[in-house]
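Have a look at the structure below, then the notes.
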Amino acid sequence: MIRRLVLAAFLCAALSPPALAAEPVTLLPGVTFEQGVQFTLHGPVAIDVITAPRPGDQQGLYALAAVTAHGPLTAGRDRLTRIERDLSAQATVVGINGDFSAKGGLPAGILMQGGALEHTPLPARSSIGIDQAGTLHVDRVSFVGSWQGTGQRRPVAGVNQPPSRNQVVLLTPAYGTTAPAVVGSAEVVLQPFAPAVPAVDLQAPVVAAGTGGGEAIPPGGAILQATGTAVASLQAEAPAGTPLTVRLLLKPAWAGTVSALGGGPVLVRAGRAIFRSGESFTSDQISDRGPRAAVGQLADGRVILVAVDGDQPGYSVGMTSFELAQTMVRLGAVTACAVASGGPVAAAFDGQLLDRPSVNGGAATGDALLEEYYGVYAPPPPVPLLNGDPGADTEPLQYKLVRPATVTAELVAPDGTVRPIESAVAHDPGTYTTSATDLEPEGEWHWNVTAKDDLGRVSTIDRSFLVDSTLRGLAVSPAPGRANVRFVLGHAATVRLRIETTGGVTVRALPAVSLPAGPQSLAWDGRLPGGARAPSGAYVAHVFAASDVGTSDLQASFAFTAAP
């Protein structure tokens, strides 16, 4: 339903603001989605914007988090939609692709989850961090690590990456199940080992040693792996039974950062678009038009996640990095940073694409930047109009819990009366279904669900649907050069007929007419607004009926044959 929305657009200059939907679509309580198009001298640009509350607001029901494709970094990449579906039992999520991937699918830059450092930053590019207060940080972050056994402090070159020559690296369970095989390397196993939080003395005993890699990384443990000239020091100063201390430092310190991922370049700083970031990207990566994605924070703390489709002439040509920076400013960002561009660019909600990626379904990505929601979620009712037609007389209803909760669910009639469905019923996490029938009076009904979870957090979601028998029985009888659109009116109404493409683009809008109750029909003469004959093809008859009950609409596809 989201992807079929007809969204406002208007002709404008190359750097003018995108035309977004007048009324954003609510995906989750407080989380909205808008699509728009910006017409430029280079062609149209499709823009997808997700707006979410400040991370940490609303009783901790929301979090902005970096999420890996399959848990361990070495488990490989996957599509954004699959990453979201894998998280469905833990949270309802919406977001965009994450960082570029390096060799083997590892992140190119920093990764932090739950405050623990799970991959080393790339100091030549920007890093993106979210702290406990919900503030978005975009900085060039460098790393300094050390380990100490029986001797002096010695350097740790990185976290969860294969060691280069003459290096020591720290490998935690976030890397995978085993240390990489490296000829001539030496390893020591540490257990128990606390989460790798920066600026903390991480102390653990050496419980085993090995060579050549391949040792199991124990849950709740870690491995130090050394190569070249660093092997002798590790073997001499960290024998089994030795208490060992690891210290990981970031600069800037990023105290209180709970989640982070790599990205770049920086796009907006203090509300101003950045033209030259000085980061380690090629000229083509910055100046070519193509798919791009970014995260930004508005002045009021809300977060925007933006995906720009590209490499699709006639639909969306994409943007340069600076054009994306200017777009983020126009959307209100005071801070913003890009994430991976090109094939991985995608936006998705609850495992369903929101945009049209340049790679069918979206290219695989190593990680994603997701807004996670832990409250009760109810999808939009699948039958938006109950009018008595077959299949449109019963409304299936559903809600999902990701934590144990006490639930109150009810249907609210147009006159404000309440039909209780559940009253303070305790439920385990899961999806719960019911249905609504015999709904009177006609008008807009609401499906309202409130849940109080085991942490005491209260969440509510409200979904509406229309009960209106004004318009029903829609059918199209095409003939060469014309189409007769038949329907039944349950009430007198003002009716409009719009002929559209299957993609939702209006081909012809006929004038509104006032019609009495009963069987009715309208005809399309097969012509376009200027009088030219429409080509043969698949079309959609979209009928709107405004009565005393409200405005309802129905659609019916048909095959049109142009007049000979």
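The values are calculated or read from the model by the stated rules, or taken from the named source; none is laboratory data. Quantities reported herein were computed from a predicted structural model and do not represent experimental measurements. So basically every Cβ, Gly included, is an ideal-geometry build from the backbone, and we count neighbours across all protein chains shown. The area values use the complete protein model at the heavy-atom level, side chains included, leaving out ligands, DNA and RNA. Shrake-Rupley method; radii C 1.70, N 1.55, O 1.52, S 1.80 Å.
Restricting attention to the stretch 534-564, the residues being assigned to a loop (DSSP other than H, G, I, E, B) and either open to solvent by 60 Å² or more (accessible area, probe 1.4 Å) or over 15 Å from Arg498 (Cα atoms) (or both) number 10. Lys251 satisfies every condition listed in (1) open to solvent by less than 30 Å² (accessible area, probe 1.4 Å); (2) within 43 Å of the chain's Cα centre (by Cα); (3) more than 30 Å from Leu331 (Cβ to Cβ) except (1). Among the residues of the stretch 285-305, are any open to solvent by less than 30 Å² (accessible area, probe 1.4 Å), closer than 26 Å to Leu28 by Cα, touching a residue at least 24 places away in the same chain (Cβ under 8 Å) and assigned to a helix (DSSP H, G or I)? Taking every residue of the stretch 285-305 in turn, none turns out to be open to solvent by less than 30 Å² (accessible area, probe 1.4 Å), closer than 26 Å to Leu28 by Cα, touching a residue at least 24 places away in the same chain (Cβ under 8 Å) and assigned to a helix (DSSP H, G or I).
Tell me whether the stretch 474-486 contains one or more residues that are at pLDDT 95 or above, open to solvent by 40 Å² or more (accessible area, probe 1.4 Å) and closer than 20 Å to Val549 by Cβ. Checked against the condition, which is being at pLDDT 95 or above, open to solvent by 40 Å² or more (accessible area, probe 1.4 Å) and closer than 20 Å to Val549 by Cβ, the stretch 474-486 yields no hits at all. Scanning the stretch 306-327 for residues that are open to solvent by 60 Å² or more (accessible area, probe 1.4 Å) and among the acidic types (Asp, Glu) yields a single hit, Asp311. Counting the residues of the stretch 79-102 that are touching a Gly at 6+ places or on another chain (Cβ under 6 Å) and within 16 Å of Asp350 (Cβ to Cβ) gives 5. Considered as a group, the residues in the stretch 268-284 that are open to solvent by 60 Å² or more (accessible area, probe 1.4 Å) and small (Gly, Ala, Ser) include one that is modelled with the highest pLDDT, and that residue is Ala270.
Residues in the stretch 364-379 that are open to solvent by 20 Å² or more (accessible area, probe 1.4 Å), at pLDDT 95 or above and either of a type in the set (Phe, Trp, Tyr) or in a loop (DSSP other than H, G, I, E, B) (or both): Tyr374, Pro379.
Conditions (1) in a loop (DSSP other than H, G, I, E, B); (2) within 17 Å of Leu27 (Cβ to Cβ); (3) out of contact with any Pro (no Cβ under 6 Å at 6 or more places or on another chain), marked per residue:
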site	(1), (2), (3)
Phe39	no, no, yes
Leu64	no, yes, no
Val67	no, no, yes
His70	yes, no, yes
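From the residues in the stretch 457-473 that are open to solvent by 40 Å² or more (accessible area, probe 1.4 Å) and within 29 Å of the chain's Cα centre (by Cα), which one is farthest from Thr92 (Cα to Cα)? Filtering the stretch 457-473 for residues that are open to solvent by 40 Å² or more (accessible area, probe 1.4 Å) and within 29 Å of the chain's Cα centre (by Cα), the one farthest from Thr92 (Cα to Cα) comes out as Ser464. Can you pull out every residue in the stretch 74-102 that is open to solvent by less than 10 Å² (accessible area, probe 1.4 Å) and in a helix (DSSP H, G or I)? Those that are open to solvent by less than 10 Å² (accessible area, probe 1.4 Å) and in a helix (DSSP H, G or I): Leu80, Ile83, Glu84. How many of the residues in the stretch 37-54 are open to solvent by less than 10 Å² (accessible area, probe 1.4 Å) and modelled with pLDDT under 90? Total satisfying the criteria: 1. Screening the stretch 103-173 for strands (runs of 3 or more DSSP E) wholly inside it with 1 or more residues that are of a type in the set (D, E, K, R), within 29 Å of Val268 (Cβ to Cβ) and touching a strand residue (DSSP E or B) at 6+ places or on another chain (Cβ under 9 Å) returns the ranges 116-119, 126-131, 136-140. Scan the stretch 351-363 and give yes if some residue there is in contact with a helix residue (DSSP H, G or I) (Cβ under 7 Å, 6 or more places away or on another chain), in a loop (DSSP other than H, G, I, E, B) and closer than 21 Å to Val31 by Cα, otherwise no. Yes, because at least one residue in the stretch 351-363 is in contact with a helix residue (DSSP H, G or I) (Cβ under 7 Å, 6 or more places away or on another chain), in a loop (DSSP other than H, G, I, E, B) and closer than 21 Å to Val31 by Cα.
Considering only residues of the stretch 103-129 that are in contact with a Gly (Cβ under 7 Å, 6 or more places away or on another chain), at pLDDT 95 or above and more than 17 Å from Pro173 (Cβ to Cβ), which is surrounded by the most Cβ atoms within 10 Å (Cβ to Cβ)? Only one residue fits best here, namely Ile128. Taking the stretch 438-529 and the strands (runs of 3 or more DSSP E) fully enclosed by it, the elements with 1 or more residues that are of a type in the set (Asp, Glu) and in contact (Cβ under 8 Å) with a residue 12 or more places away in the chain are at 443-453, 458-467, 493-501.
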